[in-house]
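Just below is one structure, and these are the notes that go with it.
The values are calculated or read from the model by the stated rules, or taken from the named source; none is laboratory data. No experiment lies behind these values; they were computed from the predicted model shown. As a convention, Cβ positions derive from the backbone with ideal geometry for all residues, glycine included, and neighbour counts pool all protein chains shown.
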Amino acid sequence: MQHSKIYHSFRLRTAPDQPEITIEGPVSADSLQSLTMHSKLDAFRRPKEQLEALIEIAELPEGRIIIARDGATIVGYVTFHYPDEIERWSQGNMQDLIELGAIEVADDYRTMGLGKRMIRLAFEDEQMENVICFTTEYYWHWDLENSKLTVWEYRQMMEKLMKSVDMIWFATDDPEICSHPANCLMVRIGKQVPISSVEQFDRIRFQQRFMY
């Protein structure tokens, strides 16, 4: 299927004493290679290894990377790609099922609303209307220590963030998501997605035919 990638960028300064941030994407692998990662972007991997992962995703036909950068330093990013082969969401090899895989913002930039702005940019010009976009939220990935939020406050924050692009809570019997009540599945079904794909996604969401 055709994966539309329409580049957008804008600059942001939320206060006179704050740096001007460029939010842009989907960015190419070549563009990423000329940038460096902020040292605090280490939630999933070491910064250098995370940058390498972003470059690999950007090279994928379906992959898209949205970044926030302070000059030549990446201070936030969002990734979109097909679900990992080991996850249930890859079953059926759906060409129109895309995962919002990771979102991370460096500690010093978290008061600027970069997460919401990066996600919104990804959906500009209806370029994601032919896909089902989903994200799995697991509490063990959340920065509860630095944010000083409770599990439920963080869950509420993440749900609000995803709702900013019309992603809504979907039920599932996935064991990992069901392992803790704060975990959740958020989904956005594009306007051009055929009903056959929606039905296939429903079969992936629920695999326990008999619930006791």
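Overview of values
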quantity: Extreme residue, modelled with the lowest pLDDT, among residues of region 1-52 that are of a type in the set (A, V, I, L, M) and either out of contact with any strand residue (DSSP E or B) (no Cβ under 8 Å at 6 or more places or on another chain) or over 14 Å from Gly76 (Cα atoms) (or both); calculated: Ala15
quantity: Residue in region 29-37 that is assigned to a helix (DSSP H, G or I), farther than 24 Å from Thr136 by Cβ and acidic (Asp, Glu) present; calculated: yes
quantity: Residues of region 142-152 that turn out to be under 19 Å from the mean Cα position of the chain (by Cα) and modelled with pLDDT of 95 or more, as a count; calculated: 0
quantity: Single condition Asp108 does not satisfy, out of (1) farther than 24 Å from Met37 by Cα; (2) of a type outside the set (Gly, Ala, Ser); (3) exposed (fewer than 15 other Cβ atoms within 10 Å of the Cβ); (4) at pLDDT below 95; calculated: (1)
quantity: Residue satisfying condition, being closer than 28 Å to Glu176 by Cβ and of a type outside the set (Asp, Glu), within set Leu32, Leu54; calculated: Leu54
quantity: Those residues of region 63-107 which are within 22 Å of Thr172 (Cβ to Cβ), assigned to a loop (DSSP other than H, G, I, E, B) and over 13 Å from the mean Cα position of the chain (by Cα), in sequence order; calculated: Asp84, Glu85, Ile86, Glu87, Gln91, Gly92, Asn93, Met94, Gln95, Asp96
quantity: So Val165, is it among the β-branched types (Val, Ile, Thr) and farther than 22 Å from Ile74 by Cβ; calculated: no
quantity: Options Met162, Met157: the member that is part of a helix (DSSP H, G or I) and either closer than 24 Å to Asp84 by Cα or in contact (Cβ under 8 Å) with a residue 60 or more places away in the chain (or both); calculated: Met162
quantity: Subset of region 13-50 (residues that are of a type in the set (A, V, I, L, M), under 16 Å from Ala122 (Cα atoms) and out of contact with any helix residue (DSSP H, G or I) (no Cβ under 6 Å at 6 or more places or on another chain)); calculated: Val27
